[in-house]
Each structure stands twice: as C-alpha cells, then as structure tokens.
C-alpha cells in the first residue's frame, strides 16, 4: 500500500534509510541522529511531498520530494527514494511508478529524480 508521509513515519523512515544505505552498493554510515536530521530537512520544508510504502503494515519504502512551481503545472523533484534491501531492486522501480501515477491527481506535470544516473548505474530503475 502507498500513502502520504506523516510526521509519525519519521523514525521508521530513518531506520529504513540506515538499512537501505549502510550496505552495498552505497556503503554509507548513517546514524539515527544524522538520518533524522537529514530526512527532517525535507519533511519540514514548505514544498515537501512525501510518500511511504507499506506491506502488511511494515514500512518498506519511502520517497522524499519537493514541489516546484512551473508555468504549466507544478513539477516534483525526488530527493530521496529508498526501499528495504530484502525487496528486489526492481521493486523500487515499481514503487516509483506507483507514486508517479499519483502525480496527475495532485496537479503535477513532471517528475525528476535528482540523481537518476546513479540509480540507473545500480540497475535500480
């Protein structure tokens, strides 16, 4: 199931960020403190757009994005998109497609992934 991000999702998203990025292929070193500050910077911004994906009520994916005004319709720039590693990498593409399918209903005309080339090199899109 996909739904809008809510402030009470922050701690779960931080744990998911750590689980997703502190392993191959990223090998980051996120902590609960830095992860919380990082995601909160997105969530507290005025033009934040966020979604989470759950399976059997477990948080399995998250998208943190921001809305930009454009002369036709607003655009969405995806800043973070991460998924629980036990799910196959292609699940990220399915989640992204689901979330992207919601954009027209919210008045968005286009979607941009901030570092799409990195995801493509990792065969995640």
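A short reminder: the numbers here are calculations on the coordinates, not readings from a lab. Model, not experiment: these values are computed from the prediction. Virtual Cβ from ideal backbone geometry, glycine too; neighbours counted across all protein chains shown.
How would you classify the range 1-82 from its alpha-carbon gyration tensor, with a ≥ b ≥ c the square roots of the eigenvalues: rounded for a/c under 1.5, else prolate if a/b is greater than b/c, otherwise oblate? Prolate is the answer for the range 1-82, as a/c is 1.5 or above and a/b outweighs b/c. The distance between label points at residue 71 and residue 55 comes to 4.4 nm (points 7 Å beyond Cα on the Cα→Cβ vector).
Each of 59, 17 was scored by other Cβ atoms within 10 Å of its Cβ. Listed from fewest to most, they are 59, 17.
Counting 0.36 nm for each residue step from residue 15 to residue 31 and taking away their Cα separation leaves a gain of 4.9 nm.
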